[in-house]
Amino acid sequence: MTDRETELLELARGTIAEALRTGRRTTPAVDQLSPQLRAPGAAFVTLRTASTGALRGCIGSLEAHRPLGVDVAAHALDAAFRDPRFPPLQDLADLRIDICVLGELTDFPADSYDDLVARIPVGSGLLVTARGHRGTFLPTVWQELPQPAVFVAQLWRKAGLAPGSWPRGIALATYSAVEFSES
């Protein structure tokens with residue numbers, strides 16, 4: 001694990017711990033960050049139970065719009081306290097933090113649903129936007145859904161689209177990511 005990855009994991013855990021201890025949900029000021037965390041970056045923070053790996057929260061951004069350290073701290077707080085699928089976190093016991101730092105979005109033209117399934121770059125993240133719907137799967141989802149047809153069908157469902165449909169004006173983008181987690 002790189003120094004930057006270790007620093008981001010410590011930042012995420014420390015931000016959540018501070019919020020639990022004080023009730024204040026704040027992110028660090030840019031001048032409090034090391035130089036390597038000040039550059040713009042986009043990340044997802046995923047919380048899981050350490051004992052079972054069950055999802056406990058996941059929030060992130062797809063495009064860089066603030067310093068990476070601030071983005072990770074903000075998403076750690078959101079995953080812990082604002083993910084609408086879960087009650088707010090009460091403690092750090094049995095918690096594992098995973099971070100996914102995203103690369104830039106790259107447009108991925110496709111002619112049809114079947115064309116996408118045939119050509120999707122396995123191992124990349126995928127973003128679909130159509131008819132006011134939007135959904136993404138991080139590259140790690142390939143571990144759970146390794147077949148392209150299943151991956152795309154599940155992403156369509158997540159985005160509120162019917163698998164197999166190809167709405168007018170659909171936009172697709174792929175992205176790479178560096179993923180790391182606490183041991």
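This ranking places Leu116, Leu55 by how few other beta-carbon atoms lie within 10 Å of each, fewest first, which gives Leu55, Leu116. Where does helix 148-158 land angle-wise versus the long Cα axis of the chain, in degrees 0 to 90, nearest 10? For helix 148-158, the angle is close to 70 degrees.
Neighbour counts of other Cβ atoms within 10 Å put Phe44, Phe137 in the fewest-to-most order Phe137, Phe44. Taking a sphere under 10 Å around the Cβ of Tyr175 and counting the other residues whose Cβ falls inside, with K and R at +1 and D and E at -1, yields a net charge of -2. Other residues within the sphere of radius under 14 Å centred on the Cβ of Arg134, judged by their own Cβ, net out at +2 (K and R +1, D and E -1). Shown here: segment 25-183, whose C-alpha atoms stretch 47, 34, 28 Å along the first, second and third principal axes, sorted largest to smallest. Placing one identical point scatterer on every Cα of segment 106-177 and ignoring solvent, what is log10 I(q)/I(0) from the Debye formula at q = 0.16, 0.18, 0.19 Å⁻¹? Log10 of I(q)/I(0), two decimals: -0.45, -0.58, -0.66. Between the amide H of Gly103 and those of Ser176, Ala177, Val178, distances stay under 5 Å, these residues lying 5 or more places away or on another chain, with hydrogens modeled in the peptide plane. Net length available on complete extension from His65 to Ser176 is 38.2 nm, with 0.36 nm assigned per residue and the Cα-Cα distance removed.
Taking amide hydrogens as placed 1.01 Å from N in the peptide plane, the amide H of Ala50 sits under 5 Å from those of Leu95, Arg96, each at least 5 positions away in sequence or on another chain.
The 3J(HN,Hα) values that the Karplus relation (6.51, -1.76, 1.60; θ = phi - 60°) gives for segment 28-36 are, in residue order, x, 6, 4, 6, 8, 8, 5, x, 6 Hz. Gly and Pro appear as x. Rounded to the nearest whole Hz, the Karplus-based 3J(HN,Hα) values (6.51 cos²θ - 1.76 cosθ + 1.60, θ = phi - 60°) of segment 165-179 follow the sequence 6, 9, x, 4, x, 4, 10, 10, 9, 10, 7, 9, 7, 10, 10, with x at glycine and proline. Along segment 65-71 the Karplus relation, 6.51 cos²θ - 1.76 cosθ + 1.60 evaluated at θ = phi - 60°, assigns HN-Hα couplings of 9, 7, x, 3, x, 5, 4 Hz to successive residues, with x for each Gly and Pro.
Comparing Pro148, Pro167, Pro139 in a Gaussian network model of the chain where C-alpha atoms under 10 Å apart are linked, the largest mean-square fluctuation is found at Pro167.
Relative to the current alpha-carbon distance between Ala162 and Val30, full extension at 0.36 nm per residue lengthens the span by 43.3 nm.
All of the numbers you see were taken from the coordinates with simple rules; none came from a lab. Everything numeric in this text was worked out from a predicted model, so none of it was measured. Cβ sites come from the backbone with ideal geometry, for glycine too, and all protein chains shown count toward neighbours.
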